[in-house]
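As structure tokens, the structure follows; a few thoughts come after it.
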Ligand code: COA
């Protein structure tokens with residue numbers, strides 16, 4: 001749907017670009033000529049994705065291993081990236097989330113989410129913004145949020161709070177940095193199945209039937225999102241041809257949030273045992289990730 005060289009000459013950094021939606025968007029940008037830098041916590045994962053996508057598209061991908069909770073490490077990475085020239089765009093995609101009753105969360109559990117989504121997204125954005133401003137370069141920030149930023153969501157409260165903060169950042173900086181040639185927008189995706197999110201937000205088991213989103217009845221268009229559809233919207237948001245869009249949050253969810261304002265509200269039917277089962281499944285997904293991080 002785009003001309004082949006739509007993003008030719010653009011350098012785009014995608015956080016969490018090794019898997020899931022980050023990988024999908026990276027592929028989309030490469031297909032229309034961008035150079036993409038992906039970063040993530042697991043070096044082998046980002047490296048394997050880079051290799052796969054370079055082969056598939058013939059584009060250029062470089063990688064950094066980084067935990068975006070670490071502001072100093074972000075500064076070092078940005079210095080290194082800027083050695084090769086300024087970035088044109090930043091895609092804040094890296095996130096963390098898991099289903100839990102809020103009363104079961106320790107302060108460390110809250111911090112595990114907030115440090116990635118709320119703090120990490122700010123660190124990344126400001127690290128790019130101050131370099132763009134100092135160098136007099138235009139910039140473009142696209143953050144992946146959720147529709148929960150408008151109506152909250154039960155059982156994912158730290159994520160909803162943090163993503164709402166990212167939305168406030170997007171709107172505030174759209175005004176503050178707009179005069180300096182930097183625009184900020186966000187996409188709020190509905191259900192686009194990925195391994196990482198589904199292990200933490202769609203655990204299976206006896207409680208699986210009680211989870212919203214198991215079917216697609218709640219979604220007016222009666223289906224999940226297809227990954228290339230998200231890539232298309234993100235690619236559009238990267239293009240200079242639509243650079244008058246600033247400070248917006250755009251939902252791509254088949255109309256789901258208009259039809260399900262309570263989000264995970266239905267989970268009040270779950271039993272204590274269901275919650276133990278959910279927690280165990282999330283723990284095993286986290287342990288698997290940690291093994292890969294070494
Ligand atoms: N319910 C309640 N508490 C939980 C939990 C759950 N399902 N899973 C983890 N926690 C708690 C832990 O018990 C711990 O608290 P404690 O030390 O007080 O016991 C705290 O959260 C931190 O856990 P830990 O495993 O050390 O966190 P981490 O920082 O290594 O990883 C994430 C946390 C969120 C980063 C992890 O889930 C992850 O790596 N996710 C991958 C990315 C992702 O979430 N993708 C999906 C996005 S939708």
(request) For residues that are away from the ligand (no atom under 16 Å from the Cβ) and outside any helix (DSSP H, G or I), scanning just the range 253-294, find the one that is nearest to residue 103 (Cα to Cα). (result) 262
(message) Need the failing condition index for residue 143 against (1) away from the ligand (no atom under 15 Å from the Cβ); (2) under 16 Å from residue 176 (Cβ atoms), just the number.
(response) (1)
(message) Please pick out the residue among 78, 54 that is modelled with pLDDT of 95 or more, touching a helix residue (DSSP H, G or I) at 6+ places or on another chain (Cβ under 9 Å) and under 23 Å from residue 5 (Cβ atoms).
(response) 54
(request) Run residue 179 past the list (1) surrounded by fewer than 16 Cβ atoms within 10 Å (Cβ to Cβ); (2) part of a helix (DSSP H, G or I); (3) within 14 Å of the ligand (Cβ to nearest atom) and report the number of the one that doesn't hold. (result) (3)
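Taking the condition modelled with pLDDT of 95 or more, buried (at least 24 other Cβ atoms within 10 Å of the Cβ) and under 22 Å from residue 283 (Cα atoms), does residue 20 pass? Spell out how you get there, then give the answer.
Working: modelled with pLDDT of 95 or more: yes; buried (at least 24 other Cβ atoms within 10 Å of the Cβ): no; under 22 Å from residue 283 (Cα atoms): yes.
When the stated conditions are applied, residue 20 does not pass them.
Just one of 152, 136, 190 is modelled with pLDDT under 95, at positive phi and either more than 14 Å from the ligand (Cβ to nearest atom) or crowded, with 21+ Cβ neighbours inside 10 Å (or both); which is it? Please lay out each step first, then the result.
Working: 136 fails: modelled with pLDDT under 95; 190 fails: at positive phi.
After ruling out the rest, the residue left standing is 152.
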(message) Looking only at the range 81-117, filter to residues that are in contact with a strand residue (DSSP E or B) (Cβ under 6 Å, 6 or more places away or on another chain) and part of a loop (DSSP other than H, G, I, E, B); which one of those is farthest from the ligand (Cβ to nearest atom)?
(response) 88
(request) Kindly provide the set of residues from the range 99-127 that are touching a helix residue (DSSP H, G or I) at 6+ places or on another chain (Cβ under 7 Å) and within 30 Å of residue 82 (Cβ to Cβ), ordered by number. (result) 113, 114, 117, 118, 121, 122, 123, 124, 125, 127
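The values are calculated or read from the model by the stated rules, or taken from the named source; none is laboratory data. Just so it is clear, the structure is predicted and the values come from calculations on it, not from any experiment. Quick reminder, even Gly has a Cβ in these numbers, built from the backbone with ideal geometry, and neighbours come from all protein chains shown.
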